[in-house]
Every structure is written in C-alpha cells, then in structure tokens.
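The numbers here are math on the coordinates, done by the rules we state, and not lab data. What you see is a predicted model, and the numbers here were worked out from it, not measured in a lab. Positions of Cβ are generated from backbone atoms using ideal geometry, with glycine treated the same way; all protein chains shown enter the neighbour counts.
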C-alpha cells in the first residue's frame, strides 16, 4: 500500500472473506492484494493467507489473519454516511443479512465483529442543528431506533 497510514484489522483467519464482502458491499472498495505467509507462524502455516490489502470506501486497510487471540469491540467502528433511506437500508441489510447483528442508534456489527454506524447525513445534521430544541427531538427519536428511519428523524425536526 502506498498510504502512510493504513487501518489494520485483525481477523482469526477470514481476512480475505471479510475484504471481499466489503468490496462487494461498499462503494469505492476493492481487494488490492492477497499476501501468503512466507513461513509458519503462530496462527497458520507457510502459504496460508497472512494479509489482505483492501480499500474500504477509499480508506486503505490491511486485514491480518492473526488467529483468535484478539477480538473486535465497539471502541472502534466505521461510520458510513448515507444519503437516503434506500442506501441506509441496503448497507444495514447487507451487514445484518450476512451474519451480523443489530445494535442501537444506527450501529450494527458484521459477522467478523467489526462495528459499523450506518448514519444518514440528515441525522448528523439534525442532532448538530443550531435549533437545539429540534436537535433534542431528533436525538430522542434516534435513541429509540436500531436502524435509522429518516422519515422519523424528519418528523422529529418539526415543532
């Protein structure tokens, strides 16, 4: 990778599967290269897929098949800004329907344990609005959601 800063994501042994899923699901995403281990290592053997270079929505990433020692948690997430309900539904559904799980307020987790915030742009604009009463109503509406419902956010913005 040519970037000076690359996000490295640790997987047990499924970095290529995850990178392929991301490339098929998110715009401006692709698997760049697959590298095999030059020798045996604690989580695998010579010739196994060791790392996968990929771009995720334009961000350079490296998937590392490091074994089961470490697990992902919500302290790290990708926040994906969506433009409409169709895009929100498509991305949310892709993650959930591929073995993921829903959480609260637009968060979900893919089957590899990576957390995602599928966040419509209108939600971000609503909760940061200079109209603090409208922002509070939108925020309170969001707090009752799993997947974000744009129509409910828009309704909450109205006095």
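Of the helices (runs of 4 or more DSSP H) entirely within segment 76-159, those holding at least 2 residues that are touching a residue at least 60 places away in the same chain (Cβ under 8 Å) occupy 85-97, 150-157. Considering segment 21-74, and only residues there that are surrounded by 14 or more Cβ atoms within 10 Å (Cβ to Cβ) and in a helix (DSSP H, G or I), the residue that is nearest to the chain's Cα centre (by Cα) turns out to be 22. Evaluation of residue 118 against the conditions (1) surrounded by fewer than 17 Cβ atoms within 10 Å (Cβ to Cβ); (2) in contact with a helix residue (DSSP H, G or I) (Cβ under 8 Å, 6 or more places away or on another chain); (3) under 13 Å from residue 77 (Cβ atoms) shows that the sole unmet condition is (1).
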